[in-house]
Amino acid sequence: MDHTSRIATLTEENIKLKEELQQKSDFLSMIVHQLRTPLAATKWIFKMMMDGDLGKISAEQRNIIERGFESNEQMIRMLAEISHAHHAREWKLNLALKPTDITDCINGALGSFAGEAKLKDITLSFTEKQSLPLVMADKEKICLVIQNLIENALKYNKVHGSVTVSAEQFKNRLVIGVTDTGIGIPLEEQKHIFGKFFRAKNAQQSEKGTGLGLFVGKEIVEGHHGTIWFESTESIGTTFFFSLPLAH
Ligand code: ADP
């Protein structure tokens, strides 16, 4: 095969591959979309039962309905994570960066996880010293990162533990930290932790998950020209940090 026909074949193969990738991507988007609707409907039905809108329920029935509600919530969260991972690369390249106060993100996440923390008797706090400097951020995406780190800190924690969020300026960066007193990440698995679908062995034993949240978080933070890292000791606890450039 001469040089010109080889280039023509490769170009054709490349077009076919791109089409296949697009089809797979459309297929995934369709599945996520189709599953979302029945899960939302199920959530609503569980909620009505829990609120007694469909008739009085016994304590035993409530217990079972609550478990059903929680499993459904878990599926909703997993589906959202799959959808986020699917869009992560595209998000990374198209972030709407502008001067942002991320205090709302932190307070919003702490508020939405307050109930879960109470169930596990975990103390949730934010060591806010003064008002935070503005950072260059896409608020919606950075809120997702903060939510995921707090959710993990609660999920992989112990009963009566604590989760502390901190935010501190270092030169021209703001560093956000989420510290927990949980199961920690085994040393030999630490290098894989931001990989797609990776879950450490001790996490698999204790909790369900997709292994996608940190992968998405890393893409988002790097899209902000920031860095994400962690320090962890097995059975003692973990702190995840990420830094964002300040807005000038
Ligand atoms: P998921 O929590 O759904 O498994 P993530 O991508 O958020 O997915 O986290 C990947 C893995 O990193 C987890 O499965 C767990 O092994 C580990 N991990 C993340 N956060 C913590 C934490 N705060 N403490 C201990 N392990 C953690």
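Rule-based calculations on the coordinates, nothing more; no lab input. Just so we're clear, the structure is a prediction, and the values are computed from it rather than from any experiment. Positions of Cβ are generated from backbone atoms using ideal geometry, with glycine treated the same way; all protein chains shown enter the neighbour counts.
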One finds, for ILE82 and ARG62 with R0 = 30 angstrom and r their Cβ-Cβ distance, a FRET efficiency to the nearest 0.05 of 0.50
Checked segment 153-211 against the a/c 1.5 cut and the a/b vs b/c comparison, axes a ≥ b ≥ c from its Cα gyration tensor; verdict oblate
Under the 7 Å Cα-to-Cβ spin-label approximation, GLU90 and ASN172 lie apart by a distance in nanometres of 3.3
The lysines whose Cα lies under 25 Å from the Cα of LYS98, excluding any fewer than 8 residues away in the same chain, are LYS129, LYS139, LYS141, LYS171, LYS218
Pseudo-spin-label distance ASP2 to LEU119, built 7 Å along Cα→Cβ, given in nm, is 7.0
Given unit charges at Cβ for Lys, Arg (+) and Asp, Glu (-), the dipole magnitude of the chain about its Cα centre in debye, nearest 20, is 80
Here, HIS160 and GLU188, labelled 7 Å along Cα→Cβ, have an inter-label distance in nm of 3.2
Residue-ordered couplings for segment 111-121, obtained by feeding phi - 60° into the Karplus form 6.51 cos²θ - 1.76 cosθ + 1.60 and rounding to whole Hz (Gly and Pro as x), are x, 6, 9, 4, x, 5, 4, 5, 4, 8, 6
Per the C-alpha gyration tensor (a ≥ b ≥ c, the square roots of its eigenvalues), segment 15-152 is rounded if a/c is under 1.5, else prolate if a/b beats b/c, else oblate; here it's oblate
For the chain, shape from the Cα gyration tensor axes a ≥ b ≥ c, cut at a/c of 1.5 then a/b versus b/c, turns out oblate
Of THR127, THR164, THR100, the most mobile residue in a GNM of the chain (C-alpha springs, cutoff 10 Å) is THR127
Calc'd 3J(HN,Hα), segment 178-187, phi into Karplus 6.51 cos²θ - 1.76 cosθ + 1.60 (θ = phi - 60°), Hz, glycine/Pro = x, comes to 10, 10, 10, 10, x, 6, x, 10, x, 3
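Which whole-number percent is the relative contact order of the chain (Cα, under 8 Å, 6+ apart)?
Here the relative contact order equals 18 percent.
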